[in-house]
């Protein structure tokens, strides 16, 4: 069904407001095809909750089938991939993104805006993949808010001669018969800081608002586009906020939060905003009818990538080639983790354990245990860290990347979907007062009513800790009844706790965008011979220690005292798009 756009800012009106001469505005039909937040997922994976429970979802060979079907029936199309693509799996990790690049280079991607996790292999690798005259990824990467800098706080920049320049073009222009399209790119405003700030050494990621205001004018007044599309990795809530603040954008193709906009958000400024979940489980199709420089009508389809979509044979073969060195068979090779030097000694399709309950994170905010608060996958991992470290507590950030595992076998590649960032596990000693502060800071970073203040990720998952959460209390007062085992958390007591550790920040564990937990006597878990243990190795040791190598993490550990706010736009939300206002 076609819908009237009712836009406030057509091209002619906007040109007048910007002081430029009006021109003969264009007309025509365009279909935007949108995917994002693939997070290294080459294959389909289970769906264990929501409307698609029990199905197999995703897989790039299915995505390509549907993309080609759309291209075959629509005369004018643009395929946009919006961020967080080359991280999230063993295949991506051990090849530093090349496995995803080799497959997706067949897709004919018209534009790509990088996500925060696309920087995880370091700034030099990022530039190799996406920048310069011959990037390894032929995806036409764009980002208006990404710059080279000459120095940073830690060391000399590897790009000293390029200081002050943009790393990527800020936008692309695509000319169709009868109309002109501008695609503006915004990368994340943060790198994967959990891994350490060294991964973006020599690069500066700005918040993007200044660039947005600048290039709306450039594209409308100088480039004279009839349709302005923003590909943005700033997350759905922030992109809706930006659409309201900066009129003149026709469409925002959003990523980062993994929300599923089953219908576009239509803002008061006339901007359509869409986001496609994660792992290639959804593909967006937006058909636009452009008349005299404005969107007159639009039609939206959200394509679920389930078993009904037949895999494209050529892409399936490319996936098999990319996976051959990692799975059981004659081509399997021992691999070295490029981040921490740990060794992958067995095929990733090896069954390493079992689960009695679904493992996932991402339940809607209206559920009894919302994904932004807690979930089984992260509780399972925190339990593993605490058990192997023999610590009082353990924690892991509630990141949006991951996968879903149905009750039954756990494969090694499932663990790499959860832990694909080269983290090691360490134990430190910390006073109880710091845990309370850490919890409150994290809650503010994902529940603040102003999404511009969010710090990425969701609440930490804890093992050994239980607590109550009132999302509507003021900062510093949201958590109560915090207990370690059966006893209240004591402010002056010292507790051992386990979490992520990186060699570049040897005195810190559980790093994140929020203040890190201070600790003393940091001890890194290592193998008996002193060699490196990746976080996945720690989880493997935990599974091996269990009867029948079977997990069944119990919930809830965080008791939600009041339900989170209702959705704003008629579709379920994972992270409340309006935060949780203090009452």
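Miscellaneous remarks
- Tensor-based shape of region 23-155 (alpha-carbon gyration tensor, a/c under 1.5 rounded, otherwise prolate or oblate): oblate
- Compared with the dominant Cα axis of the chain, that is its longest principal axis, helix 535-545 is turned about 40°.
- Shape call, region 11-304: gyration tensor on alpha carbons, a/c limit 1.5: oblate
- Based on DSSP H segments of at least four residues, each scored -39500 (n - 2.57), the chain has a per-residue ellipticity at 222 nm of -6000 deg cm²/dmol.
- Semi-axes of the equivalent ellipsoid for the chain, computed as √(5λ) from the eigenvalues of its C-alpha gyration tensor and ordered from largest down, come to 39, 26, 24 Å.
- Between residue 204 and residue 544, full extension at 0.36 nm per residue minus the direct alpha carbon distance yields a gain of 118.1 nm.
- When the alpha carbon gyration tensor of region 295-439 is reduced to an equivalent ellipsoid, the three semi-axes, largest first, read 31, 26, 15 Å.
- Helix 313-323 axis, angle to the chain major axis (alpha carbon atoms, nearest 10°): 40
- For the pair region 517-583 / region 221-259, the C-alpha centres are spaced 32 Å from each other.
- Euclidean distance between Cα centres, region 377-402 to region 67-100, Å: 30
- Axis angle, to the nearest 10 degrees, between helix 236-245 and the longest C-alpha principal axis of the chain: 40 degrees.
- Shape class for region 154-306, computed from the alpha carbon gyration tensor (a ≥ b ≥ c): oblate, with a/c not under 1.5 and a/b at or below b/c.
- Its convex hull of Cα atoms gives region 334-560 a direction-averaged projected area, equal to a quarter of the hull surface, of 12.4 nm².
- Euclidean distance between Cα centres, region 301-361 to region 110-188, Å: 28
- Spin-label model distance (nm) - residue 487 vs residue 310, 7 Å beyond Cα toward Cβ: 6.5
- Taking region 11-304 and dividing mean pair separation by its residue count, relative contact order in percent (alpha carbons under 8 Å, at least six apart): 22
- Of the beta bridges in the chain, as assigned by DSSP with both residues counted there, near 70 percent are antiparallel.
Read-outs: derived from the displayed coordinates by stated rules, not from any lab. All figures in this text were calculated on a predicted structure; none of them were measured in a lab. With ideal geometry, Cβ positions are generated from the backbone for all residues, glycine too; neighbour counts draw on all protein chains shown.
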